[in-house]
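Since every read-out is calculated from the coordinates, none of them should be taken as a lab result. All values derive from a computational prediction rather than experimental measurement. Here the Cβ positions follow ideal geometry from the backbone for every residue, glycine too, while neighbour counts run over all protein chains shown.
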Amino acid sequence: MNVFAKLHILHCGQVKVDQRLAFKTAELMDVPLVGSRSEQDQLLLPVSCYLIEHPKGAILIDAGWSEAVRSDPETAIGSYAYQICHPHLPPGQSIREQLEARNIPVQQLRYVLISHMDVDHISGLHHLEGAQSFIVSEPEWNGAKAHQKAKCQGVAIHPFSLDPIPFGPLQLGKDLYGDGSIYFILTPGHTDGLISVLVRVQDGWVLLVSDAGYSEISWNEMVLPGYTSDDEMAFQSLQWIREFSHREDCIAVIANHDPLVKAASF
């Protein structure tokens, strides 16, 4: 018997970046600082988290911005990060506030998955203290920088090993509950251990690709993210995402920062 989950897309604020951060181009080798080019070259993108309701336990993917960015964003995310991304967190949109609005105590979260260790995915982790388990892939944790791990201070992070699975460019990841309903999929390239998540909902598969791509443009036109740890692997990950998007049972492929993706439920 198939097990189905329910997926909720939560927009936890926005981030302003130069468009070169989202879409790599040959014309610009480096990502410009925020605001160093014209306003037409800037993008205001959603910062997404995902709540998965599952019979075996709720899962939250990523944590969005800390509420501290409202008062002192540069200190909250660090001076280096602030040069390349400016956070914006309207009232009511932090992950803490959104869970409270849904009457979901953090203690009910069986897992909090960190898709990868970029600041806009881990900044709000401390709002989730009390969740049952915080997890990240072993290659992502092993490759994380000291300042990234420092953002997780006070939260017990449990890196998980990768198993053979039938999905992904390397067919490595985790069948989370062992019933084929939720797969964590290694889709490296943007970072070494970036995890996409495949969720079986009532109408088919939803693939959450985190920052493996920034919109449908990424996999339809094979445009790499602006920052990559491995261009070849990033390309392979996008190829696999494009192939999966063409499956008849794939109802949606969702990038974390795609402005065309609205808060919704599946």
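Enter the mean projected area of the convex hull around the alpha-carbon atoms of the range 102-226, in nm², rounded to one decimal. Walk me through the numbers before you get to the answer.
Working: hull surface 34.9 nm².
Averaged projected area of the range 102-226's Cα convex hull equals 8.7 nm².
Give me the one-decimal nm value for the distance between modelled label points at Asp230 and Ala101, 7 Å along each residue's Cα-to-Cβ direction.
Here the modelled spin labels are 3.9 nm apart.
Sticking with the crude label model, points 7 Å out along Cα→Cβ, report the distance from Met222 to Thr25 in nm, one decimal please.
Modelled inter-label distance: 2.0 nm.
Please rank Lys16, Lys145, fewest neighbouring Cβ atoms within 10 Å first, as an exposure proxy.
Details: Lys16 15, Lys145 8.
Arranged by neighbour count, lowest to highest, Lys16, Lys145 become Lys145, Lys16.
Would you please give the residues with an amide H less than 5 Å from that of Gly168, counting only those at least 5 places away or on a separate chain, with H modeled from the backbone geometry?
HN-HN under 5 Å from Gly168: empty list.
Convert each backbone phi in the range 99-111 into a coupling constant with the Karplus relation 6.51 cos²θ - 1.76 cosθ + 1.60 (shift: θ = phi - 60°), then list the ³J(HN,Hα) values in order as whole Hz, x for Gly and Pro.
Each residue of the range 99-111 in turn: 5, 4, 5, 8, 6, 10, x, 4, 4, 7, 7, 5, 9 Hz.
Using the Cα centre of the chain as the reference point, and only Cβ charges (+1 on K/R, -1 on D/E), how large is the resulting charge dipole? Debye, rounded to the nearest 20. If you can, show how the numbers build up before the last one.
Numbers: 18 positive and 32 negative charges, 124 e Å.
My answer is approximately 600 debye.
Tell me the net charge near Thr191. Cut-off is 11 Å between Cβ atoms, Thr191 excluded, with +1 for each Lys or Arg and -1 for each Asp or Glu.
Working: positive: Lys145; negative: Asp118, Glu140, Asp192, Asp211, Asp230.
That works out to -4.
Check Tyr177: other-chain or 5+ apart residues with amide H under 5 Å from its amide H, H built from backbone geometry?
Excluding prolines and chain starts, which carry no amide H, the hits are Ile182.
For the chain, state the average projected area of the convex hull of the C-alpha atoms over all orientations, rounded to one decimal in nm².
13.3 nm²
Cross-link candidates for Lys24: which lysines have Cα within less than 18 Å, leaving aside residues fewer than 8 places away along the same chain?
Those lysines meeting the cut-off are Lys16.
Using the Karplus curve 6.51 cos²θ - 1.76 cosθ + 1.60 with θ = phi - 60°, work out ³J(HN,Hα) for each residue of the range 14-23 in order, rounded to whole Hz, and write x for Gly and Pro.
Along the range 14-23, the couplings run 9, 9, 9, 9, 6, 4, 5, 5, 8, 10 Hz.
List the trypsin sites (Lys or Arg not before Pro) in the range 42-128 that DSSP assigns to loop (not H, G, I, E or B) and whose Cβ has at most 16 other Cβ atoms within 10 Å. Which are they? Walk me through the intermediate numbers first.
Details: sites: Lys56, Arg70, Arg96, Arg102, Arg110; in loops: Lys56, Arg102.
Loop-located and lightly packed - Lys56, Arg102.
So what is the relative contact order of the range 6-254, in percent, for Cα pairs below 8 Å that sit 6 or more residues apart?
Values: 541 pairs, mean separation 40.8, N = 249.
Reported as a whole number, the value is 16 percent.
Whole angstrom only: what separates the Cα centroid of the range 1-35 from the Cα centroid of the range 235-258?
Cα centres, the range 1-35 to the range 235-258: 15 Å.
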